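Data block below; observations after.
The values are calculated or read from the model by the stated rules, or taken from the named source; none is laboratory data. As the structure is a computational prediction, the values presented were derived from the model and not from experiment. Cβ: placed from backbone, ideal geometry, glycine included. Neighbour counts: every protein chain shown.
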């Protein structure tokens, strides 16, 4: 039996992880955490019977505690609650599926408690990769990527030696706006941006896909996960999301991982590595597919990718600025306070104003995040 904890259990990755638990009787959920969706969390508690459940919102946690008083489950709240869930004694792997930099401290706590990480929270490595990866090496902790692109690269790397690797080729769908002009983007709505052509994801990551910021964050994450410099990480648009990413070795050979767009595949692989267990769902029909096409990413229009490369190459605290400014800007856009293209303006303003800290501590990372939020609010 493998015991798991899920941080972000009511979100897209969290609910799909629980689908995998339903299909694999040797998985057991010992702890769950959510932000504020106590209605769904209560259903999950009643079905999976974890020992502990956390709700970040304290008022909602009190309501949940009353709702499940008939069950033998401990209800906790706030950051302390997330830390309890991430360090629950019997679990061996923690699925970090929460969105945002709030995932950093629980990830570190889990690692220090000897837990492996199934990482779906890209902000953890984008902002604190210089802390997380050395710590994982020191503690002997495995970090299994759950992002479809990084999971694809991870699978491809099983085919050869790391020292023979030349480059990573990360694929992108291009999102819903890859054929749009800058002029056309001035009038797009929130509803337009949430219509991703291939993937069903949470609202924030769907907007990040539309701006190509998500792909930029994935580039930074890949740099830390696979210890590859930015000049050897390339992005190519593959509109149908059939090739999830590729690697190229020094002899020129290219290994690709293909599959239908289904996040359950990378989640399940992270939980059962190195097994490729049976997974229900559609299979690729190459006769029906007929062709796979590629394009260059439209970086002159969708500026999220070049902004991320710029922040990543500067390093230090700059990726935190990129990430925090984007988080705030996306929230404003989803709340219809700003226009789509304003997201880029807000990110660029924060990056231009920031004085880089070369090797920030965790406290400095979190302080930088707060500085960004305060700057944006003051505008």
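Just one of the listed residues (336, 355) is at positive phi and not in a helix (DSSP H, G or I), namely 336. Against the definition (free of Cβ contacts under 8 Å to residues at least 40 places away in the same chain, in contact with a strand residue (DSSP E or B) (Cβ under 7 Å, 6 or more places away or on another chain) and more than 26 Å from residue 184 (Cα to Cα)), how does residue 271 come out, yes or no? The answer is no for residue 271. Within region 208-232, residues that are at positive phi reach partners that are part of a helix (DSSP H, G or I) with beta carbons closer than 6 Å, at six or more positions or on different chains, in the pairs 212/304; 212/305.
Can you find even one residue in region 259-270 that is out of contact with any helix residue (DSSP H, G or I) (no Cβ under 9 Å at 6 or more places or on another chain) and either over 19 Å from residue 169 (Cβ atoms) or assigned to a loop (DSSP other than H, G, I, E, B) (or both)? Yes, because at least one residue in region 259-270 is out of contact with any helix residue (DSSP H, G or I) (no Cβ under 9 Å at 6 or more places or on another chain) and either over 19 Å from residue 169 (Cβ atoms) or assigned to a loop (DSSP other than H, G, I, E, B) (or both). Candidates are the residues of region 29-59 that are part of a helix (DSSP H, G or I) and touching a strand residue (DSSP E or B) at 6+ places or on another chain (Cβ under 8 Å); the one that is modelled with the lowest pLDDT is 58.
The set of residues in region 45-58 being surrounded by 16 or more Cβ atoms within 10 Å (Cβ to Cβ) and either under 19 Å from residue 87 (Cβ atoms) or more than 22 Å from the chain's Cα centre (by Cα) (or both) consists of 45, 48, 50, 51, 52, 53, 54, 55, 56.
The set of residues in region 310-335 being surrounded by fewer than 19 Cβ atoms within 10 Å (Cβ to Cβ) and under 30 Å from residue 258 (Cα atoms) consists of 310, 313.
Restricting region 243-255 to residues that are under 22 Å from residue 144 (Cα atoms) and touching a helix residue (DSSP H, G or I) at 6+ places or on another chain (Cβ under 7 Å) leaves a set whose member that is surrounded by the most Cβ atoms within 10 Å (Cβ to Cβ) is 245. Taking into account only those residues within region 97-141 that are in a loop (DSSP other than H, G, I, E, B) and in contact (Cβ under 8 Å) with a residue 60 or more places away in the chain, which is surrounded by the most Cβ atoms within 10 Å (Cβ to Cβ)? Ranking the qualifying residues of region 97-141, first place goes to 120. Selection within region 1-28: residues that are touching a residue at least 40 places away in the same chain (Cβ under 8 Å) and in a loop (DSSP other than H, G, I, E, B). The member of this set that is nearest to residue 105 (Cα to Cα) is 8. Considering the conditions (1) assigned to a helix (DSSP H, G or I); (2) surrounded by fewer than 20 Cβ atoms within 10 Å (Cβ to Cβ); (3) touching a residue at least 60 places away in the same chain (Cβ under 8 Å), residue 66 is excluded by exactly one of them, (3). Within region 174-204, if we keep just the residues that are out of contact with any helix residue (DSSP H, G or I) (no Cβ under 7 Å at 6 or more places or on another chain) and closer than 18 Å to residue 243 by Cβ, the residue that is surrounded by the most Cβ atoms within 10 Å (Cβ to Cβ) turns out to be 174.
Of the residues making up region 311-320, none is in contact with a helix residue (DSSP H, G or I) (Cβ under 6 Å, 6 or more places away or on another chain), assigned to a helix (DSSP H, G or I) and within 20 Å of residue 185 (Cβ to Cβ).
Residues that are in a loop (DSSP other than H, G, I, E, B) and within 16 Å of residue 215 (Cβ to Cβ) within region 241-258 comprise just one, 241. Scanning region 142-168 for residues that are in a strand (DSSP E or B) and either modelled with pLDDT under 90 or more than 21 Å from residue 270 (Cβ to Cβ) (or both) gives 166, 167.
Put simply, of 265, 305, 225, 271 the only residue that is surrounded by 15 or more Cβ atoms within 10 Å (Cβ to Cβ) and more than 30 Å from residue 93 (Cβ to Cβ) is 305. Scanning region 358-372 for residues that are in contact with a helix residue (DSSP H, G or I) (Cβ under 8 Å, 6 or more places away or on another chain), in a helix (DSSP H, G or I) and under 17 Å from residue 315 (Cβ atoms) gives 362, 365, 368, 369, 372. Identify the residue in region 24-39 that is out of contact with any helix residue (DSSP H, G or I) (no Cβ under 6 Å at 6 or more places or on another chain) and over 30 Å from residue 276 (Cβ atoms) and, among all such residues, is surrounded by the fewest Cβ atoms within 10 Å (Cβ to Cβ). Per the criteria, the residue is 39.
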